[in-house]
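Report on the following structure.
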């Protein structure tokens, strides 16, 4: 809205001209937009993890007809492995 104008009068005229159509809503601050995008990305990745866990459990139970309780341990080992790879080596999950 405020560009680089050569005179203050020109800027005031343009501001008055813009206000005829009603006040403008202020834009969201950039850190808030980044926070919203990060939260959405985290939610999608967590939903993907839950989906993979559910598919693994249902496939295992559907084939063998026995609930595999050790699958939770394997999932946690994979999660901890990804955490330590990211923390120590810098590999993105």
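Just so you know, all these numbers are worked out from the coordinates, no wet-lab data involved. These numbers were taken from a predicted model, which means no experiment stands behind them. Here the Cβ is made from the backbone with ideal geometry for all residues, glycine too, and neighbour counts use every protein chain on show.
Equivalent ellipsoid semi-axes for region 29-89, as square roots of 5 times the alpha carbon gyration tensor eigenvalues: give them largest first, rounded to whole Å.
Semi-axes (√(5λ), whole Å): 31, 17, 6.
May I ask you to derive the FRET efficiency for residue 92 and residue 32 from their Cβ-Cβ distance with R0 = 22 Å, giving the value to the nearest 0.05? Efficiency, from the Cβ-Cβ distance: 0.40.
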